[in-house]
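Notes follow once the structure below has been shown.
The values are calculated or read from the model by the stated rules, or taken from the named source; none is laboratory data. The structure presented is a predicted model; accordingly, all values stated were derived computationally and were not measured. When we count neighbours, we look across all protein chains shown, and the Cβ atoms used for this are built from the backbone with ideal geometry, even at glycine. Areas reflect the complete protein model, heavy atoms only, side chains present, ligands, DNA and RNA absent. Shrake-Rupley method; radii C 1.70, N 1.55, O 1.52, S 1.80 Å.
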Amino acid sequence: MFTHITVGANDIEASRKFYDAALGALGHEPGSGPDAKGRYWWRTRMGAFAVGKPIDGEPACHANGGTIGFAAKDGDAVEAFYKAGVEAGGVAIEDPPGIRDGAFGKLHLAYLRDPSGNKVCALHRVG
């Protein structure tokens, strides 16, 4: 459904460090860039994720109510995403990482805020 997702950041290097660590824990290569517009990109065959300063020149801000979920191959990858993200400047939010049983079945989840306040999570569908 999606080709790419881009989030804004005021400190590109802090965000690059965070996403290299957190996405690296999920098995992704470090981001490439910066491109001509100063963005870093993490690409897979399924799509791409980018972080950069807003093109309009205004300060970056996060979406209240928005979350970007990254697929994790297993629960260990979810936990590694969380640990690496916190160590690289992310902020732990919501409940601690773990399994939640709800309307979508059992999910192993971990939520963080990146250095610019964007809400991200790693998710593994259990069973």
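Residues in region 48-71: is at least one over 20 Å from residue 118 (Cα atoms) and without any contact (Cβ under 8 Å) to a residue 60 or more places away in the chain?
No, that holds for no residue.
Residue under question is residue 110, and the condition is that it be free of Cβ contacts under 8 Å to residues at least 40 places away in the same chain and aliphatic (A, V, I, L, M); does it hold?
yes
The residues listed here are 60, 84, 77; of these, the one that is surrounded by 10 or more Cβ atoms within 10 Å (Cβ to Cβ) and at pLDDT below 95 is 60. Look at (1) hydrophobic (A, V, I, L, M, F, W, C); (2) closer than 23 Å to residue 9 by Cα; (3) within 14 Å of the chain's Cα centre (by Cα) and you find that residue 77 fails only one, number (2). Suppose the filter is surrounded by 13 or more Cβ atoms within 10 Å (Cβ to Cβ) and of a type in the set (A, V, I, L, M); does residue 50 pass it? Here the answer is yes, as residue 50 does meet what is asked. Filtering region 14-30 to residues that are in contact with a strand residue (DSSP E or B) (Cβ under 9 Å, 6 or more places away or on another chain) and either open to solvent by 30 Å² or more (accessible area, probe 1.4 Å) or not polar (S, T, N, Q) (or both) leaves 16, 18, 19, 20, 22, 23, 25, 26, 28, 29, 30. Flag: residue 65 does not match the condition of being modelled with pLDDT of 95 or more, of a type in the set (Gly, Ala, Ser), on the phi > 0 side of the Ramachandran plot and surrounded by fewer than 14 Cβ atoms within 10 Å (Cβ to Cβ).
Restricting attention to region 1-13, the residues being part of a helix (DSSP H, G or I) and either surrounded by fewer than 20 Cβ atoms within 10 Å (Cβ to Cβ) or touching a residue at least 60 places away in the same chain (Cβ under 8 Å) (or both) number 1.
Mind telling me which of the residues 85, 90, 52 ends up being touching a Lys or Arg at 6+ places or on another chain (Cβ under 7 Å) and either hydroxyl-bearing (Ser, Thr, Tyr) or under 12 Å from residue 22 (Cβ atoms) (or both)? Going through 85, 90, 52 in turn, just one is touching a Lys or Arg at 6+ places or on another chain (Cβ under 7 Å) and either hydroxyl-bearing (Ser, Thr, Tyr) or under 12 Å from residue 22 (Cβ atoms) (or both): 90. The number of residues in region 31-41 being open to solvent by 30 Å² or more (accessible area, probe 1.4 Å) and either within 18 Å of residue 111 (Cβ to Cβ) or out of contact with any Phe, Trp or Tyr (no Cβ under 8 Å at 6 or more places or on another chain) (or both) comes to 3. From the set of residues in region 87-110 that are open to solvent by less than 40 Å² (accessible area, probe 1.4 Å) and over 13 Å from residue 14 (Cβ atoms), which is modelled with the lowest pLDDT? The extreme case among them is 105.
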